[in-house]
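Read through the structure below, which is laid out as structure tokens, and then see the notes.
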Amino acid sequence: ETGVTQSPTHLIKTRGQQVTLRCSSQSGHNTVSWYQQALGQGPQFIFQYYREEENGRGNFPPRFSGLQFPNYSSELNVNALELDDSALYLCASSAPGLAGGYEQYFGPGTRLTVT
Amino acid sequence: AQSVTQPDIHITVSEGASLELRCNYSYGATPYLFWYVQSPGQGLQLLLKYFSGDTLVQGIKGFEAEFKRSQSSFNLRKPSVHWSDAAEYFCAVGDETSYDKVIFGPGTSLSVIP
């Protein structure tokens, strides 16, 4: 068990609505990344936050936004939901590893269904 | 741009048999390579990683992987599969600009026959 938690576990929203997903990072980790995993596919990198600032973004539109808080918890916000936003959303926290390399620890994910 | 391919969408093996899952990648400079496992309804668990050094990497649950630069491959192996190994396996590569922003392959689904 990694210590990364996400809420809620499942969520159903209607097209056009807005949603906020939450993640609590593993203690001591100052970096959080968010991924979208569509059914039957690998996770796709959305963006990363480091010390409360966005530190890289994948190929996702601006309606996907995030926040990271001083306690290293974070949020993923999605506006104007579309049917294709239906997916498992994973957050991963990380910090420099003992060998100088980063290891990401994933939460269990939030399953979002857009109808 | 970095990319990862996993040629096998689905593999079925008998319990006790050996396993090899294939992974090929493209990268700019030094690759940072990972294998993750995802059980149904679960998040991702890191099996092993390669950053540098010995090209044969040992991981958890009896898995190992070998980095072959000449073949741009990072195949995952296990000598004897257990029924509990049935899951989805993802190979991943660290982004050129930051190995903390991982790019995942499409995954290989493993079924184990008792």
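Quick grid of which residues meet (1) under 23 Å from B:TYR50 (Cβ atoms); (2) surrounded by 17 or more Cβ atoms within 10 Å (Cβ to Cβ); (3) among the polar types (S, T, N, Q):
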residue: A:GLN48; (1), (2), (3): yes, yes, yes
residue: A:ARG51; (1), (2), (3): no, no, no
residue: A:GLU54; (1), (2), (3): no, no, no
residue: A:PHE69; (1), (2), (3): no, no, no
residue: A:GLU75; (1), (2), (3): no, yes, no
residue: A:ALA80; (1), (2), (3): no, no, no
residue: A:LEU83; (1), (2), (3): no, no, no
residue: A:GLY109; (1), (2), (3): no, yes, no
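Quick check on the stretch A:3-30: of everything there that is touching a Pro at 6+ places or on another chain (Cβ under 9 Å) and of a type in the set (Ser, Thr, Tyr), which residue is surrounded by the most Cβ atoms within 10 Å (Cβ to Cβ)?
Within the stretch A:3-30, the match that is surrounded by the most Cβ atoms within 10 Å (Cβ to Cβ) is A:THR5.
Between a first residue in the stretch A:65-90 that is within 13 Å of A:ARG22 (Cα to Cα) and a second residue that is in a helix (DSSP H, G or I), which pairs have beta carbons less than 8 Å apart while being 6 or more apart in sequence or on different chains?
As it stands, the answer is A:VAL78/A:ASP85, since those pairs meet every condition given.
Take the stretch A:7-22 and flag every residue that is more than 11 Å from chain B (Cβ to nearest Cβ) and either in a strand (DSSP E or B) or closer than 19 Å to A:ASN59 by Cβ (or both).
Correct list: A:SER7, A:LEU11, A:ILE12, A:LYS13, A:VAL19, A:THR20, A:LEU21, A:ARG22.
Please go through (1) in contact with a helix residue (DSSP H, G or I) (Cβ under 8 Å, 6 or more places away or on another chain); (2) within 14 Å of another protein chain (Cβ to nearest Cβ) for A:LEU112 and return the number of the only condition it doesn't satisfy.
If we test A:LEU112 against (1) in contact with a helix residue (DSSP H, G or I) (Cβ under 8 Å, 6 or more places away or on another chain); (2) within 14 Å of another protein chain (Cβ to nearest Cβ), just (2) comes out false.
The rows are residues; the columns are (1) within 16 Å of the chain's Cα centre (by Cα); (2) among the charged types (D, E, K, R).
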residue: A:ILE12; (1), (2): no, no
residue: A:GLY28; (1), (2): no, no
residue: A:ILE46; (1), (2): yes, no
residue: A:TYR49; (1), (2): yes, no
residue: A:GLU53; (1), (2): yes, yes
residue: A:ARG63; (1), (2): yes, yes
residue: A:ALA80; (1), (2): no, no
residue: A:ALA87; (1), (2): yes, no
residue: A:LEU90; (1), (2): yes, no
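Looking only at the stretch A:40-58, which residues are of a type outside the set (Phe, Trp, Tyr), within 11 Å of chain B (Cβ to nearest Cβ) and either touching a residue at least 12 places away in the same chain (Cβ under 8 Å) or assigned to a strand (DSSP E or B) (or both)?
A:PRO43, A:GLN44, A:ILE46, A:GLN48, A:ASN55, A:GLY56, A:ARG57, A:GLY58
Of all residues in the stretch A:94-115, count the ones that are at pLDDT below 90 and among the polar types (S, T, N, Q).
Count: 2.
(1) outside any strand (DSSP E or B); (2) under 29 Å from B:SER109 (Cβ atoms); (3) away from every other protein chain (no Cβ under 14 Å): which one isn't true of A:PRO62, the others all being true?
That leaves (2) as the condition not met.
Looking only at the stretch B:65-91, which residues are modelled with pLDDT of 95 or more, among the charged types (D, E, K, R), surrounded by fewer than 17 Cβ atoms within 10 Å (Cβ to Cβ) and more than 9 Å from the chain's Cα centre (by Cα)?
Passing the criteria: only B:GLU66.
Can you find a residue that is within 14 Å of another protein chain (Cβ to nearest Cβ) and in contact with a Pro (Cβ under 8 Å, 6 or more places away or on another chain) anywhere in the stretch B:47-55?
yes
If you go through the stretch B:14-34 one residue at a time, how many are out of contact with any Leu (no Cβ under 8 Å at 6 or more places or on another chain) and in a strand (DSSP E or B)?
Residues in the stretch B:14-34 being out of contact with any Leu (no Cβ under 8 Å at 6 or more places or on another chain) and in a strand (DSSP E or B): 4 in total.
Please give the number of the condition A:VAL4 fails out of (1) away from chain B (no Cβ under 11 Å); (2) touching a Cys at 6+ places or on another chain (Cβ under 7 Å).
Here A:VAL4 meets the rest and fails (1).
The values are calculated or read from the model by the stated rules, or taken from the named source; none is laboratory data. Given the structure is predicted, the values throughout are model-derived calculations rather than measurements. Using ideal geometry, Cβ is built from the backbone for each residue, glycine included, and neighbour counts are taken over all protein chains shown.
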